[in-house]
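Scroll down for the structure; my scribbles are underneath it.
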Amino acid sequence: MDPSLYLDRDTWVHRLDPRTKMFLLIGAFVLAFIFLDPLYELVVLALVLIFGYMAKSLENLRRIWFILLAVGLLTLVLWSLVGGGRTPLFLFVELESVLYGLSIALRIDTTIIAGVIFLSTTRNEEVAIGLVKLGIPYRFAFAVTTALRLVPTIASTGFTISQAQRSRGLDLDSGNILQRTRKYVPLLVPVFVTTIRSTNVFSMALESKGFGAGGKRTFYLRTALGGRDVVVLVVFVVLLAASVALRVAGYGTLEGFSG
Amino acid sequence: MEPAVSVQGLGYRYRGQQKPALEGVDLEVAEGEFVVVMGPSGAGKSTLCVSLNGLIPHFFRGRMEGEVRVRGHSTREGRVGEFAREIGLVFQDFEAQLFSTNVALEVAFGPENFAVERDEMERRVNSVLGQVRLEGFEDRQPATLSGGQKQRLAIASVLAIEPRILCLDEPTTDLDPVGKLGVFEIAEELKNRDDVTLIVVEHETEETLDADRIVVLREGRVVADRAAREVLRDVELLEESGVMPLQVTRFFHEMGLWQGQLPLTPEEGAQEFRQRGWRISQERHRELVDEDEERTQGYGEPIIEVGGLSHRYPNGFAALEGVDLTVRKGEFLAILGQNGSGKTTLVKHFNGLLKPTGGTVKVGGEETTEQGMLRLGQSVGYVFQNPDHQIFSDTVSDEVSFGPRIREMEGAEIKERVDEALSAVGLEGRGEEDPFGLTKGERQRVAVASVLAVRPEVLILDEPTTGLDYAEQRSMMELVARLNEAGSTIIVVTHTMWVVAEYAHRAVVVREGKIELSGTVREVFSREDELWEASLRPPHIVSLGNSLGYPVLSVDELVRVTEGG
């Protein structure tokens, strides 16, 4: 099992400077958050997906489709029930609250998908360089990328451990929620123990390779803002500005929803 | 000339520990020397390693006495990062040290920290990857490499800083025989360079023949520090120190040769054997073969039947293709093969962790796909390689009773089974202890006990001796042999060849998803050329016997069949 999300492909997205990609990621969040009309949210999602397609990164979505579906459905149902509106649909559910739920669901999924595309096209090391070039100290930048790296590592340790415990007869699929939660103890304890142990070795290895030995540091990866970055940034800034203008002009909102 | 490393009166006690890990250690290593450090678990070998680059006293908490100087600089002064330029340290757990997204970046990390210019960095990446034979792997993700390749990458990532001293902590523990050889070839080349000093912690004696000097540690103290060949000939010292002596040397020692004359390698041994006019008694060798035969006749009915088994992983990788295998009741089977050959994939089919994508696997006459893991676990127990991947309870007996509890047995029955399992693994009366306070060898036993408590008919052990020292390996395998004699069917997956030779009855060699060789251990180990092709090497005593024309499996067997001594 390959624990990391990064896909080593040669696309123009991969070749963008990490700072550009960070800006695009934050921009995608902004786009997803300024609108409330599900139709507009759908357009934003479509844009993100087209971008992901060009970056040849959509295959990673197959690994998280369940999360996307679960989060999306849960949000939709919750807001439909909790929210209020003007147009009754059935029972105590109103049209506006359903639409609102749909928007929020799309918004959350869009941000997750944008994040996955970012991680599929940007190496951990590039994230670090990007942060350093934005003026963040290397130690902090390294800590951020280590946290990103730890997630898939823990996932793959967890997989091995669940095999070991299933071999002993642990059955994670039956029982009510409380019983099931208790069944995860045999997984969590070894995951913690193993992770802490390997993190300890990891930090020793870092020190032994001169991490933080001197103030200055060079980078093996070459990154520079090039013509491509400028074009992408300009296009994206125009898009952002246009979206904000639309929103200020009153488009893309949801009438009649009351929380 | 100033020594590369000078250790004077070094003592260290970790915080919270009663006993010191090191006590009064004096050691000097000259520039360009190749020194091997040996000793049982808990002797202080790793503590010594981390003392050399300043992790002790700067990273660990505890009390340090004495002094360590690296090329003249005391480790008490200055930071760990600064010593990295002088001494490179490669840790035993190579998985945990690799963190980059590709091989080139992993190697470049050290030079980056020392602000090496981009062009120079590229030169070093190329040259170091050449040294560890990983050219062409620059863009690969470290996670996709084999164990041996990962260890070589870990070494490369340290070499790129161009330290004058390299310290490797048990670099071959987790590797298959050919992976081990690859690491030692690198060591060999570094040894030939005068400007690199090499300090290697190792517990496999066969790998230490090229060292200049061997230092033996026991309970935190140096008990021997002499020329390598001299230490290797001192069979008694090694045995007392919990280190496995060379088998050829032990054979001649038992035949009564004087210490100074003892040969070390199979080649030297064969020559000595012939020169002395010794012979192998054909009659007694015949007895050995007959005993094998008799044992084979004694097995019961088939318990695991594999027919035309294929397994293809979701990513398309064909791990097994058309495997046929029958395991009968009472067998002691060893499954051999290099990393990635498919041997673990094969055994994971026996307890239902994997389902065949082609062919069938039957346990007790019924297909595994019909049985479900809970029921299969009743007949096939699986002990994973790393006990820390399964231990989660506060007490040993809670851990061991997990299997019976989950199968909803009664209190009295559970207690009986826990007691039985604990006494089978030699941990009787220790049920109330905290498993995390035990040694690795003991935790391994807890893992075995927790599987035994279900009373499975078949016991699968994945690398049961990895990470254990010689004495622990022996007692672990004695335990397994006792279980086999008491009627359990045993399947071990292992890289440790002497364990196979001395304990298993039958061996199966898996290579590229197919069964390459199958037969009694004696038959399989007599085919040295075919083993080499599968990246395996029989132990020294087997090689000696083969070159004399009579396959033997242990020192004792060779003593038994030798005439004229």
Mind listing P(r) for the range B:324-413? All alpha-carbon pairs, 10 Å bins, whole percents. 13, 39, 34, 13, 1
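Taking the Cβ-Cβ separation of A:VAL30 and A:LEU69 as r and a Förster radius of 22 Å, what is the calculated FRET efficiency to the nearest 0.05?
Here the calculated transfer efficiency is 0.30.
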For the protein assembly as shown, what is the Kirkwood estimate of the hydrodynamic radius, computed as the reciprocal of the mean inverse distance between distinct Cα atoms, to one decimal in Å? 30.0
Let me know the charge dipole size of the range B:291-525 about its Cα centre in debye, to the nearest 20, where only the beta-carbon of Lys, Arg (+1) and Asp, Glu (-1) is charged. 660
On the principal axes of its Cα set, how long, how wide and how thick is the range B:5-241? Give whole Å, largest value first. 47, 38, 34
If all Cα-Cα distances of the range B:360-428 are sorted into 5 Å bins from 0 onward, what percent lands in each bin, rounded to whole numbers? 3, 14, 20, 24, 18, 12, 7, 2, 0
Sort largest first and round to whole Å: the equivalent ellipsoid semi-axes of the range A:136-220, each the square root of five times a Cα gyration tensor eigenvalue. 37, 13, 9
Cα-based Rg (one decimal) and Dmax (whole number) for chain B, in Å? 24.8, 72
State the Cα centre-to-centre distance between the range A:87-141 and the range B:104-183 in whole Å. 37
Helix-only mean residue ellipticity at 222 nm for the protein assembly as shown, each DSSP H run of n ≥ 4 adding -39500 (n - 2.57), per residue, nearest 500: -14500 deg cm²/dmol
Debye log10 I(q)/I(0) for the range B:291-525, one point scatterer per Cα, at q = 0.07, 0.10, 0.11, 0.18 Å⁻¹: -0.22, -0.45, -0.55, -1.42
Expected max-MSF residue from A:GLY214, A:GLY84, A:GLY72 in the GNM of chain A (alpha carbon, under 10 Å) is A:GLY214
Using 0.36 nm times the number of residues separating B:GLN271 and B:GLN297, minus their current alpha carbon distance, what extension gain do you get? 5.6 nm
Straight-distance crosslink candidates among aspartates and glutamates, where the alpha carbon sits under 13 Å from B:LYS19 and sequence neighbours closer than 8 are dropped: B:GLU219
Given the C-alpha centroids of the range B:499-559 and the range B:437-477, what is the distance between them in whole angstrom? 24
DSSP beta bridges in the protein assembly as shown: the antiparallel percent, rounded to 5, is 60
Determine the gain in length on full extension of the stretch A:ALA46-A:PHE159; use 0.36 nm per residue of separation and subtract their C-alpha separation, reporting nm with one decimal. 37.3 nm
Which percent, to the nearest 5, of DSSP beta bridges fully inside the range B:167-270 are antiparallel? 65
Between A:LEU89 and residues 5 or more places away or on another chain, the pairs with built amide H atoms under 5 Å apart involve A:GLU94, A:LEU95
What are the ³J(HN,Hα) couplings of the range A:217-231, residue after residue, when phi is run through the Karplus curve with 6.51, -1.76, 1.60 and θ = phi - 60°? Round to Hz, x for glycine and proline. 8, 10, 10, 6, 6, 8, 10, 7, 6, x, x, 4, 4, 4, 4
Roughly speaking, what is the stretch gain from A:ILE136 to A:TYR251, that is 0.36 nm per residue apart minus the C-alpha to C-alpha distance, in nm to one decimal? 37.7 nm
Neighbour net charge for B:LEU427 - beta-carbon separation under 12 angstrom, K R +1, D E -1: -4
Amide H contacts under 5 Å for B:PHE34, placed H, 5+ residues apart: B:LEU198, B:ASP212, B:ARG213
If you take every DSSP beta bridge whose two residues both sit in the range B:291-525, what share of them, in percent to the nearest 5, is antiparallel? 55
If you line up the long axis of helix B:440-452 against the longest principal axis of chain B, both from Cα atoms, how many degrees apart are they, to the nearest 10? 20
J(HN,Hα) series, the range B:98-109, from Karplus relation 6.51 cos²θ - 1.76 cosθ + 1.60, nearest Hz, glycine and proline x: 9, 9, 8, 8, 8, 4, 4, 5, 4, 5, 6, 4
For B:ILE515, the residues 5 or more places away or on another chain with a placed amide H closer than 5 Å to its own amide H are B:ASP324
What are the semi-axes of the equivalent ellipsoid of the range B:149-284, taken as the square roots of 5 times the eigenvalues of the Cα gyration tensor, listed largest first and rounded to whole Å? 32, 18, 14
So what are the range B:235-378's ellipsoid semi-axes, whole angstrom, largest first, if each one is the square root of 5 times an eigenvalue of the alpha-carbon gyration tensor? 44, 20, 15
Arranged by the count of other C-beta atoms within 10 angstrom, fewest first, what order do A:VAL43, B:VAL363 take? A:VAL43, B:VAL363
Each residue of the range A:204-211 in order: what ³J(HN,Hα) in whole Hz does its phi give by Karplus 6.51 cos²θ - 1.76 cosθ + 1.60, θ = phi - 60°, with x for Gly and Pro? 5, 4, 4, 4, 5, 9, x, 4
Proximal lysines relative to B:LYS348, as straight alpha-carbon distance under 21 Å, when same-chain residues fewer than 8 apart are discounted: B:LYS329, B:LYS362, B:LYS514
Quick one: helix B:470-485 against the long Cα principal axis of chain B, what's the angle to the nearest 10°, folded into 0 to 90? 0
Ranked on Cβ counts within 10 Å of their own Cβ, fewest leading, B:VAL418, A:VAL151, B:VAL454 go A:VAL151, B:VAL454, B:VAL418
Area projected by the alpha carbon convex hull of the range A:1-156, averaged over all directions, nm²: 10.5
Per the charge dipole of the protein assembly as shown (beta-carbon charges, Lys/Arg positive, Asp/Glu negative, Cα centre), the residue among B:LEU483, A:ILE112, B:ASN113 reaching farthest to the positive end is A:ILE112
Residue among B:VAL50, B:ALA30, B:VAL90 farthest towards the positive dipole end of the range B:5-241, charges placed on Cβ: B:VAL50
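Read-outs: derived from the displayed coordinates by stated rules, not from any lab. Keep in mind that this is a model prediction, so the values were computed, not measured. When we count neighbours, we look across all protein chains shown, and the Cβ atoms used for this are built from the backbone with ideal geometry, even at glycine.
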